[in-house]
Structures are given as C-alpha cells and as structure tokens.
Amino acid sequence: MCGIVGFSSHSQSACRPLVNGLLRLEYRGYDSAGVALESADDLRVFKKTGKVAELDRFLAEALPEPERGKYTLGIAHTRWATHGLPTETNAHPHLADGGRLALVHNGIIENYAALRAKLEKRGCVFVSQTDTEALAHLIATFDTGDDFMAAVSQALKQVEGTYGIAVLSLRHPGEMIVARRGSPLVIGVGEGSTVVASDVSAIVSYTRQVIYLNDGDIARVTPEGADVFTLDNVPVARDVQQVEWDAASAEKGGYAHFMLKEIFEQPEALRNTIRGRLDRTDGTAVLAGLNLPPRELATIRRAVVIGCGTSLHAGMVGKYLFESLADLPTSAEQAAEFRYCNPIIGPHDWAIALSQSGETADTLAAVRESVGKGALVSAVCNVVGSTIAREAGRGVYLHAGPEISVASTKAFTAQVTVLLMMALKLGRTRRLSREAGLRLCDEIAALPDLVAEVLKENDRIAAVAAKYAAANDMFFLGRGILYPTALEGALKMKEISYVHAEGYQAAELKHGPIALLGRATPVVALLNDVPGKEKTVGNVQECRAREAPVVGIVTQGDAAARHCDDALFVPRTSAACAPVVTAVALQLFAYHVARLRGCEIDQPRNLAKSVTVE
Ligand code: G6P
C-alpha cells in the first residue's frame, strides 16, 4: 500500500535518502513512485510507473550528482492505485499553485469529488484522477504566503476520510509540513537531518530515535526535528522513542526472498515471543499487557477475536484455544464485517484485535467500535507503537521482528503462540488445572525447536512442491483446530503462486467441493496425529476415490502417510500446538510452488502488506 518518505537537511542532498526510503517501503506493494525535491529557488518533480529502481535510473539521468546537492529537502511516495489508473499523472507528488506546492498522501479523501467541483469552479485545473490532487489545490487556496502550517490545517479541517501527508511549498522554502489522520506517520530525528516515513522500516537506517504522530497531529519538520501541534495550532508534546529494530533486521540476510528468510526466522521469532512469558511454577503465562486481576478476568463472558487475512486465520485458531483451554465462548470475526454489522459487544466482552502491522484500517475501526461500546479491548500486534496497539491501550506484542514479505508467515505462528499463552493464562483463572497448565507450558516452550525440525524438511518439501507446481487448482482440508490452518495454507498458496487454492473443513468437502476433484486437483490434507485424524483419513479416501492426488501433512512416523501420495512430516505435538508446526510446512510448500512458477514472491501482484484503506 502507499508509502511516504520525507527528508530535510541543512547540507545533505535529499535524493538518495528518499530513494532508499522508498526501496525500504517496496514490500508494502505499489504500482508507481515519485519524488519532489526542493532547493531555495526551485521545486522539481520526478515520477515513474513501475518499480522504484526505474525512478532511481530516471533520476540519475535527469538530475546527475553535482546538481543534486542543492536539493536538501524532499518528499517521496509509492502509490497503490485507489482513485485512477496507475499512471505517471496519477502518481504522487501532486502539484498545485502553479507547480510551487507538492503533496504526497496516503489514505482516502472521501469528499474529494465535492472538493474538486468547488475548486474547479474557482479556476483550479486538475490533471489527475486522484483524490489527493484536490487536497493539494485546497491547501494552495488557503496559503496566503504567511503561515504554511495554518494553511495546511485549514485545508485538512475540510477533509473527510483518512490521510497521512507531507507537503512542500516554494512560498515557504525549507519547510515541510506533515499530518496524519488514520494513516501512520513517523518522524525520525537524526544528526543534522530529519526523516519522515509512513513506516518505521524506512527510517531505521538513518536513525532509531523516532516520534510517532497521533491522529489529528500536524508537524513542522526541520533538519533539527519536528514541532507537533493540533489542527487548532495548540502545541502537543510527543516523546522521542527508541526503535528496537535495526537496519540489518530489515535486510534479506542471504536468503533469496524475505519470505524465505522470515519462514526460517520462526524458531528465533517464537523464542522472542515466548521469552519471559511462561510461569513454570504455577503453570500459567505472564503477559504484562494483560495484567488484569483474576476477578476481572473471571467476569469476561465472551471473547471476540478480530482481524483480516492471515491475522483472521490466527484468530480462528484462537477460538478453538479459548474454548478448549479456558471454557470461554469465542467467535472470530473478519474486521470489516464486524465493524459494519452493529456488533453486539459491551462490558464483559473481550475484543482481541490481531494485526501484524497494527495499521489495518478495518481492524483499527473494529477496535474503535469495541472501545466505544465499553468492551475490554486488547491488541496483539507486531509493530511496536502502531496505531492499533496504541488505541487498544492494552495488549501483547509479538516480538517477531520486522515482517517485510507481503505474505505473512512468522506473524501467524507468533500470533497463534500468543493466543495459546492468553488461553493458558485465562484458563488458569478458570478450570484449567496446574498440571494441565504446566504441560502446556512445556509444549509452548518446545515450539521453537519443533519449528526448527520442520525447517529441516525444506528440501523434501521443495521436492514434493515440484510435483504439484503446475496445478491450476488445489484444495486444503483441515478439521477442528486445524481447519483455520488449512485456510491459511490455501491463502499462502494463492497469494504468492497465484494457484487457485481453497481451504475447507474436511467434512464439508462432500457437500459440494468434491464435485471439482479429479486427477488435476491436488488435495493437501492436514492429517496430524491429533483427535479427529481418523475422520480426516476417511475424507482423504473420498478424494483418492476421485483420483485426486493427496499431499498429507503427517506426524513423524505416523501410519497416516500410507493414505497419501506424498507426505510432509511435522513433529508430534498436542492439538493446541499443531497449527504452528503445520503452518510452517504449508508456508514452505507454497513458497516452493511459487518459486518454481517464477512468481515475484515478496511482492505478489495486487497485494499490499498493510491495507490502510477500507
Ligand atoms: C494484508 C496482507 C496480509 C495480512 C492482512 C492483515 O492483506 O497482505 O498478509 O494478513 O493485510 O494485516 P495485519 O497487519 O492487520 O495483520
């Protein structure tokens, strides 16, 4: 999804830092890119459709080294088309005021059509189909040349919708104004330069000292840092915080793709997720972000786990965990469906928002809806300081490290592991015995090593993937707690390999989908040796009777392998932990199918890492 970078320095050219920042944001998914560079007397804009590397080449020709030096201020953007085709004209920055003002914007201006009509009546000439251009002209109409920030504030007060923006104007040389509502913006305070970005990963190679803007904030950015205000010009204090991630943890580190690196990081990521959170004396979990007195925990009547995409699948696993370990009725809800169905939620209900990025627009809206209705709200996020984490006010971080690949992997296993620990903690305030709690502690503690065992199967998984990489359709079957993992396996497959893949409850197969089975439709069956396995073996027989080849996910040494054409082996675990090891095997399977099909694994077509629009 769209990305913003801004750079302000006294002496350093903004060119390289802006392009480098855009490169770091590539993983979010985009279709065009652009920069605006300002010197004391000149504002220049360069845009390209396609990759940032194209823009970089274009810049190198159009603005060679010696000329670059005078442009010490700039803004840049990667666009993921919402209003208008992915063309150079629609790419950001957008200009107004006869080319003197340049704006980059993330989010959606919902009343742009009305604003545009009004501005066109006043003589503004629009060149693009975007919502953003209306805001550029609107700011220009308020700008008297006196107070730039006041002009931006006045314009933003007329905007309905969401925005993260950075804007420059030759009428105010050296000034960059940034603001946010609903789209993240972070300011990195370096030595003699300041970097702005929509995502902290574009900042960490310059500085790890950052200021997170809140919704409603506007800031004047200078090489020394930023002054933050409300739109009514009241100064607000925002702390400078230290980011824990370093630049190296956002690099590929020798792997062919970020996705593969992140799959292989899972043992370490899970160790970080679990570290210090298991109480091996009382057989429970210690989750500082859920530090509620047992009496309060005991009053919770129902949990609602909310998320999108992979996070939703983790939430669906959570439903099984909360119900089986903590006797807590739980539902898993897709965030957009939840927010628009006037959800019945209130005090005594526990809303748990799952989001790797902590910025997904629908999940954030669901959090606001739940907070507004008086529910107990917790966030489970990976990105520290993200909007969902801050707005929920209470929660548990994954500590899985930066996830760059669009297709989520380590966040899923970390989310399930956090949900396991939440279920354990809650269960221990209810009916889960100390002995059962201690057993679960051992199982959770063993997960990083078990995942490492799955990774050792990589070559074998690659060989099996080669047999099925040409398929056009696949089915993934799971039962009980493994059903959401089947959905996640199918999602991974379609996201990165573009193979049409569907996940089903194993028992549902015969109620329709079986009509599609045949020799050309491989079925991936989750046959782990946990309760329900024999029933799934029965479903596998039904598939094979229709000549569909079956790839089984099978517990090491288990006889279920003989019912399959191929088996991918995973270590023995309890049912509660089975989704974690199984998901890793399915991630590798999808990865190798996609690799063999020659797909762009880290940035699949049409997908965005962080969906910050509805
Ligand atoms: C996008 C990504 C998915 C991700 C989903 C939810 O669709 O492509 O990989 O699972 O958003 O993201 P979140 O950051 O809220 O977990």
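Of the candidates ASP42, ASP31, the single residue that is of a type outside the set (S, T, N, Q) and within 16 Å of the ligand (Cβ to nearest atom) is ASP31. The residues of segment 322-341 that are of a type outside the set (S, T, N, Q) and in contact with a Gly (Cβ under 9 Å, 6 or more places away or on another chain), listed by number, are PHE322, LEU325, ALA326, ASP327, LEU328, ALA332, GLU333, ALA335.
Table: residues versus (1) touching a residue at least 40 places away in the same chain (Cβ under 8 Å); (2) within 16 Å of the ligand (Cβ to nearest atom); (3) open to solvent by less than 50 Å² (accessible area, probe 1.4 Å).
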{"position": "LYS510", "(1), (2), (3)": "no, no, no"}
{"position": "GLY532", "(1), (2), (3)": "yes, no, yes"}
{"position": "ALA594", "(1), (2), (3)": "yes, yes, yes"}
{"position": "LYS609", "(1), (2), (3)": "yes, yes, yes"}
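This table checks each residue for (1) assigned to a strand (DSSP E or B); (2) open to solvent by 70 Å² or more (accessible area, probe 1.4 Å).
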{"residue": "ASN539", "(1), (2)": "no, no"}
{"residue": "CYS543", "(1), (2)": "no, no"}
{"residue": "GLU547", "(1), (2)": "no, yes"}
{"residue": "ALA567", "(1), (2)": "yes, no"}
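None of SER8, SER13 is part of a loop (DSSP other than H, G, I, E, B), open to solvent by less than 50 Å² (accessible area, probe 1.4 Å) and on the phi < 0 side of the Ramachandran plot except SER13.
Results for (1) modelled with pLDDT under 95; (2) out of contact with any Ser or Thr (no Cβ under 6 Å at 6 or more places or on another chain), shown as yes or no for each residue.
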| residue | (1), (2) |
| --- | --- |
| LEU398 | yes, no |
| SER405 | yes, yes |
| ARG431 | yes, yes |
| ALA445 | no, yes |
| ALA452 | no, yes |
| LYS456 | no, yes |
| VAL464 | no, yes |
| GLY478 | no, no |
| ALA486 | no, yes |
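The single condition among (1) away from the ligand (no atom under 16 Å from the Cβ); (2) open to solvent by less than 10 Å² (accessible area, probe 1.4 Å); (3) of a type outside the set (Lys, Arg) that ALA590 does not meet is (1).
The set of residues in segment 481-529 that are part of a loop (DSSP other than H, G, I, E, B) and in contact with a strand residue (DSSP E or B) (Cβ under 8 Å, 6 or more places away or on another chain) comprises VAL499, LEU517, ALA520, THR521, PRO522, LEU527, ASN528, ASP529.
Here ASP442 meets each of (1) open to solvent by 10 Å² or more (accessible area, probe 1.4 Å); (2) within 15 Å of the ligand (Cβ to nearest atom); (3) not in a loop (DSSP other than H, G, I, E, B) with one exception, condition (2).
Taken residue by residue, segment 36-44 has no member that is within 30 Å of ILE496 (Cβ to Cβ) and either out of contact with any strand residue (DSSP E or B) (no Cβ under 8 Å at 6 or more places or on another chain) or among the basic types (Lys, Arg) (or both).
One line per residue, one yes/no per condition, for (1) at pLDDT below 95; (2) buried (at least 24 other Cβ atoms within 10 Å of the Cβ); (3) on the phi < 0 side of the Ramachandran plot:
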residue: TYR340; (1), (2), (3): yes, no, yes
residue: SER355; (1), (2), (3): no, yes, yes
residue: ALA379; (1), (2), (3): no, yes, yes
residue: GLY393; (1), (2), (3): yes, no, no
residue: GLY401; (1), (2), (3): yes, no, no
residue: LYS410; (1), (2), (3): no, yes, yes
residue: ALA436; (1), (2), (3): no, no, yes
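Here are some conditions: (1) open to solvent by 10 Å² or more (accessible area, probe 1.4 Å); (2) closer than 30 Å to ASP602 by Cα; (3) in contact with an Asp or Glu (Cβ under 9 Å, 6 or more places away or on another chain). ILE496 meets all but one. Which one does it not meet? Only one criterion is unmet by ILE496, namely (1). Against the test of being assigned to a helix (DSSP H, G or I) and away from the ligand (no atom under 15 Å from the Cβ), the options LEU292, LEU260 yield a single qualifying residue, LEU260. Is there any pair with a first residue in segment 188-204 that is more than 22 Å from ASN382 (Cα to Cα) and a second that is assigned to a strand (DSSP E or B) whose Cβ atoms are under 6 Å apart and which are 6 or more apart or on different chains, and what are they? If the second residue must be assigned to a strand (DSSP E or B), the pairs left are VAL189/GLN209; VAL189/GLY225; SER193/SER9; THR194/SER8; THR194/VAL221; THR194/GLY225; VAL195/PHE7; VAL195/GLY188. When segment 358-379 is limited to residues that are of a type in the set (Val, Ile, Thr) and more than 12 Å from the chain's Cα centre (by Cα), the one that is nearest to the ligand (Cβ to nearest atom) turns out to be VAL367.
Out of HIS105, HIS77, HIS83, one residue alone is in contact with a Ser or Thr (Cβ under 8 Å, 6 or more places away or on another chain), open to solvent by less than 30 Å² (accessible area, probe 1.4 Å) and either in a loop (DSSP other than H, G, I, E, B) or not aliphatic (A, V, I, L, M) (or both). It is HIS105. Within segment 108-158, restricting attention to residues that are acidic (Asp, Glu) and farther than 13 Å from HIS94 by Cβ, the residue that is modelled with the lowest pLDDT is GLU110. Output the residues belonging to segment 481-497 that are away from the ligand (no atom under 11 Å from the Cβ) and within 20 Å of the chain's Cα centre (by Cα). Scanning segment 481-497 gives PRO484, THR485, LEU487, GLY489, ALA490, MET493, LYS494, SER497.
Condition check: within 16 Å of the ligand (Cβ to nearest atom) and in a helix (DSSP H, G or I). Does PRO579 satisfy that? Yes; evaluated as a whole, the condition is true for this residue.
The set of residues in segment 397-438 that are assigned to a loop (DSSP other than H, G, I, E, B) and either within 16 Å of the ligand (Cβ to nearest atom) or farther than 19 Å from ASP282 by Cβ (or both) comprises LEU398, HIS399, ALA400, GLY401, PRO402, GLU403, ILE404, SER405, VAL406, ALA407, SER408, THR409. Applying the condition of being in a loop (DSSP other than H, G, I, E, B) and either touching a residue at least 60 places away in the same chain (Cβ under 8 Å) or more than 13 Å from the ligand (Cβ to nearest atom) (or both) to segment 380-396 and asking which residue is nearest to SER183 (Cα to Cα) yields SER386. The number of residues in segment 357-377 being surrounded by fewer than 24 Cβ atoms within 10 Å (Cβ to Cβ), of a type outside the set (Gly, Ala, Ser) and assigned to a helix (DSSP H, G or I) comes to 4.
Exactly one residue among GLY276, GLY309 is without any contact (Cβ under 8 Å) to a residue 24 or more places away in the chain, among the small types (Gly, Ala, Ser) and either closer than 27 Å to ARG181 by Cβ or out of contact with any Pro (no Cβ under 9 Å at 6 or more places or on another chain) (or both), and that residue is GLY276. Of the residues making up segment 301-350, those that are more than 16 Å from the ligand (Cβ to nearest atom), in a helix (DSSP H, G or I) and of a type in the set (Gly, Ala, Ser) number 2.
The C-beta contact set for segment 475-504 (first residue farther than 19 Å from LYS609 by Cα, second residue of a type in the set (D, E, K, R) and surrounded by 24 or more Cβ atoms within 10 Å (Cβ to Cβ), distance under 8 angstrom, 6+ apart or interchain) comprises GLY503/GLU488.
The values are calculated or read from the model by the stated rules, or taken from the named source; none is laboratory data. None of the values given here were measured: they were computed from a predicted structure. Cβ sites come from the backbone with ideal geometry, for glycine too, and all protein chains shown count toward neighbours. What goes into the accessible areas is simple: the full protein's heavy atoms, side chains included, and nothing from ligands, DNA or RNA. Shrake-Rupley method; radii C 1.70, N 1.55, O 1.52, S 1.80 Å.
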